[in-house]
Amino acid sequence: MAENVKNYKKLNMTKIEAKWGYIFISPWIIGTSVFILFPVIASFILAFCSWDIVSPVQFVGFGNFIEIFTKDTNFWVSLWNTFYYTLFSVPLGIIGSIIVALLMNQKWKTVRLLRTIYYLPSVTAGVASSIIWMWLFNPYSGLINYFLGQLGIQGPMWLASETWAKPAFIIMSLWGVGGNMIIYLAGLQGIPRQLYEAADIDGAGSFDKFRYVTLPMLTPVIFFNLILSIVWSFQVFTQAYVMTGGTGSPGRSTLFYVLYLYQVAFKYHKMGYASALALVLFAIILIFTLIQFKFSKNWVYYESEMKK
């Protein structure tokens, strides 16, 4: 009898704790439902409709998607611009982050200060960063062309040139390698020292230890950052909007996908068409993510697997 009473009290306490747990997380649940879940569902429905905010919603079936793939040249231009940006910014960002993390993993006296300095750009507001880089990329008075001139090199027009506009955004993206650097640094510090000691016993040099110990042990972190970097690169928007005035100029060289989506939704008020573009973007990112998971088993090594 006493055991049953004890179990009843324990069960009752569990229910009370669960109730209060749901009460405490209710603001998050409500916020997620109102600001994320509902807009996602609404966007999915609107992707098959025509709606300009003012007129009633009209169901058009797959009409928006047919127009996207067969008639909309801006879609293909924006998709190419985004692919181009992703193709270069993601690998360069990963390599740059790993190099900085390796440097910040040394036992220097000022290493904490240096880590903070490298990390600061990643927490700087996107608009502020864009304004700074607009000044740096100024073809006439910018610091970049000034230093190139000191080396006897004629600086390009950067954001005023269709050829150099996208490379300018790629260079700018490297300014934020400090964000991923922190993650790589945590990964480096999680590598067991015994592995390096064993490599020393085998006579391995610095390069061999990096190739056969550091890099394999970092592959889970690289995989994680690779997925996030591709997702973020496909959603590049703030820099392009601020630095080109939302036009994607010069020409359409910086008309990235999300910037074009923004124009369709809030400049042309084609909410249904914009929702269809968003759904296509979701499908593209999902495909790239699934491909990465598919091939990750060929190059990602986990510590538990290596012990086997």
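Which is farthest toward the positive dipole end of the stretch 82-238 among LEU113, VAL213, LEU103, measuring Cα position about the Cα centre, with Cβ charges +1 (Lys, Arg) and -1 (Asp, Glu)?
Projecting each Cα onto the dipole axis, the largest value belongs to LEU113.
What are the DSSP H helices in the chain that stretch 30 Å or more along their long axis, judged by alpha-carbon atoms, and whose average Kyte-Doolittle hydropathy comes to at least 1.6?
In the chain, the long hydrophobic H runs are 271-296.
Calculate, in nm to one decimal, what GLN235 and LEU92 gain on full extension: separation in residues at 0.36 nm each, minus their alpha carbon distance.
Going from the current span to full extension adds 49.7 nm.
Given the options TYR301, THR70, GLY21, identify the residue whose Cα lies farthest towards the positive end of the charge dipole of the chain (+1 on Cβ of Lys, Arg; -1 on Cβ of Asp, Glu).
The one lying farthest along the dipole's positive direction is GLY21.
Given only helices, namely DSSP H runs of n ≥ 4 each adding -39500 (n - 2.57), what is the per-residue ellipticity at 222 nm of the chain, to the nearest 500 deg cm²/dmol?
Value at 222 nm, helices only, nearest 500: -22500 deg cm²/dmol.
Run the dipole for the stretch 23-131 about the Cα centre, Lys and Arg Cβ at +1, Asp and Glu Cβ at -1, nothing else charged, and hand back the magnitude in debye, nearest 20.
820
I want to check the label-to-label distance for ALA204 and TRP135. Put each point 7 Å from Cα in the C-beta direction and report it in nm to one decimal.
Here the answer is 4.6 nm between the modelled labels.
Looking at the stretch 49-128, which trypsin sites (Lys or Arg not before Pro) are DSSP coil and have at most 11 other C-beta atoms within 10 Å of their C-beta?
LYS71, LYS107, LYS109
Return the distance in nm (one decimal) between the two label points of a simple spin-label model at ILE30 and TRP299, each offset 7 Å from Cα along Cα→Cβ.
Here the modelled spin labels are 4.7 nm apart.
Can you sort ILE66, ILE98, ILE53 so the residue with the fewest Cβ neighbours within 10 Å comes first?
So the residues, fewest neighbours to most, are ILE53, ILE66, ILE98.
Determine, for ILE29, ILE183, the number of other Cβ atoms within 10 Å of each Cβ, and report the residues in order from fewest to most.
Taking fewest neighbouring Cβ atoms as first place, the list is ILE29, ILE183.
To make sure I understand, if each residue's beta carbon is the centre and we count other beta carbons within 10 Å, what order do ASP200, ASP72, ASP52 fall in, fewest to most?
Least crowded to most crowded, the residues run ASP200, ASP52, ASP72.
Run the numbers for LYS71 and LEU102: contour at 0.36 nm per residue of separation, minus the present Cα-Cα distance, in nm.
Taking LYS71 through LEU102 to full extension adds about 6.3 nm, to one decimal.
Taking amide H positions as placed in the peptide plane 1.01 Å from N, state which residues far from CYS49 in sequence (5 or more) or on other chains have amide H under 5 Å from it.
VAL60
For the chain, what class follows from the C-alpha gyration tensor (a ≥ b ≥ c being the square roots of its eigenvalues): rounded when a/c is under 1.5, otherwise prolate if a/b is larger than b/c, else oblate?
Oblate, because a/c is 1.5 or more while a/b does not exceed b/c.
Give a quick list of chymotrypsin sites (Phe, Trp or Tyr not before Pro) in the stretch 18-62 that DSSP marks as loop, anything other than H, G, I, E or B, with at most 16 other Cβ atoms within 10 Å.
PHE62
Springs between alpha-carbon atoms under 10 Å, Gaussian network over the chain: tell me which of LYS267, LYS297, LYS19 tops the mean-square fluctuations.
Between LYS267, LYS297, LYS19, it is LYS19 that shows the largest mean-square fluctuation.
Explain nothing, just the number: dipole magnitude of the chain about its Cα centre with +1 on each Lys and Arg Cβ and -1 on each Asp and Glu Cβ, in debye rounded to the nearest 20.
Result for the chain is approximately 720 debye, rounded to the nearest 20.
Mind scanning LYS19/LYS294; LYS270/LYS297; LYS166/LYS209; LYS166/LYS267; LYS209/LYS294 and naming the pairs with a C-alpha gap bigger than 32 Å?
Violating the 32 Å Cα-Cα cut-off are LYS19/LYS294; LYS270/LYS297; LYS166/LYS209.
Bear in mind these aren't lab numbers, they're just calculated from the coordinates by the rules spelled out. Fair warning: this is a prediction, and the values are worked out from it, not measured in the lab. A quick note on method: Cβ atoms are made from the backbone with ideal geometry, for glycine too, and the neighbour counts reach across all protein chains shown.
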